[in-house]
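Below is one structure, written out as structure tokens; comments come after it.
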Amino acid sequence: MEIWYYGFYPIIFIDYSYVGDYELYLLSAQHVAQLLKASVDLKPEVKMEGLIFDFDLNLEKLPGNKINVQIKVPYKNIWLIEKGDKLETTLLLSLEVFSDSKKKVWDFNEEYSISLGQNEITETLGKSYVIPVDIELSQGKYRMKILLENKTDGKKVKKTIKFDL
């Protein structure tokens with residue numbers, strides 16, 4: 001018989017055949033409940049580190065008071081979950097454009113679903129998921145607030161940029 005301690009809770013193993021084949025011996029249902037509670041209480045908290053959710057932003061002025069905004073999110077920074085044989089997530093993009101007088105002149109909200117098959121994952125190495133948005137505004141000075149959220153892990157990134165047309 002061997003007795004191990006998990007915190008203050010004993011775990012008993014018995015070798016009935018004396019050949020090194022130990023089996024867990026449970027004293028009672030209450031003993032099982034205590035072991036399960038101890039495993040939850042003593043379980044170390046594991047934090048995900050190293051994955052930085054961020055994006056690059058490119059603005060391109062187009063003829064006719066238009067501007068093309070490109071949000072580029074590196075695939076390596078996108079948290080995906082497995083659903084069936086695919087890896088999936090949804091990105092929520094919110095753009096707000098304010099005039100020089102701090103009045104909101106344009107806004108945009110859209111969800112983008114990303115779904116990658118097992119064979120597509122290697123194709124994304126070193127690449128970014130690109131979200132293009134075209135905006136038409138009159139001449140002036142503007143400030144744009146960008147909020148990008150990964151709905152899978154809840155991480156959000158906010159950026160603000162000033163631009164002229």
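Nothing in this text is a laboratory measurement; each read-out follows from the coordinates by a stated rule. On a predicted model such as this, the values are computed, not experimentally measured, just so you know. For neighbour counting, all protein chains shown are included, and Cβ atoms are generated from backbone atoms with ideal geometry for every residue, glycine included.
Per 0.36 nm of contour for each residue apart, how much would the distance between residue 153 and residue 90 grow if the chain were fully extended, relative to their Cα-Cα spacing? It would help to have the intermediate numbers written out before the result.
On the way: separation 63, 0.36 × 63 = 22.68 nm, distance 0.99 nm.
Net length gain for the segment: 21.7 nm.
Using 0.36 nm per residue, how much length does the chain from residue 118 to residue 163 gain when fully extended, once their Cα-Cα distance is taken away? Intermediate results must be reported in sequence, preceding the final value.
Details: separation 45, 0.36 × 45 = 16.20 nm, distance 4.02 nm.
Working it through step by step, the gained length comes to 12.2 nm.
For the chain, modelled as a GNM with alpha-carbon contacts under 10 angstrom, which of 26, 93, 147 fluctuates the most?
26
Using Cα atoms only, what is the angle between the long axis of helix 29-41 and the major principal axis of the chain, expressed in degrees (0 to 90) to the nearest 10?
Its long axis makes an angle of about 40 degrees.
Going through the cross-link list 61/156; 72/156; 103/145; 104/151, which pairs have a Cα-Cα distance over 22 Å in this structure?
Details: 61/156 27 Å; 72/156 15 Å; 103/145 13 Å; 104/151 26 Å.
Among 61/156; 72/156; 103/145; 104/151, the Cα-Cα distance tops 22 Å for 61/156; 104/151.
For residue 58, put the label point 7 Å out on the Cα→Cβ axis and report which residues of segment 102-146 keep their amide N under 12 Å from it.
Of the residues in segment 102-146, 128-133 have backbone N under 12 Å from the label point off residue 58.
Under Stokes-Einstein, with the Kirkwood radius over Cα pairs standing in for Rh, what whole-number D in µm²/s applies to segment 56-164 at 10 °C and 1.306 mPa s?
Numbers: Rh = 15.2 Å.
Rounded to a whole number, D works out at 104 µm²/s.
Starting from the Cα of residue 41, step 7 Å along the direction of its Cβ; do the same at residue 136; then give the gap between the two resulting points in nm.
Computed distance between label sites residue 41 and residue 136 equals 6.7 nm.
Just report the Cα centroid separation between segment 78-95 and segment 4-44, whole Å.
40 Å
Got a sec? How would 146, 71 order by Cβ neighbour count within 10 Å, fewest to most?
Details: 146 19, 71 22.
Fewest to most other Cβ atoms nearby, the residues stand as 146, 71.
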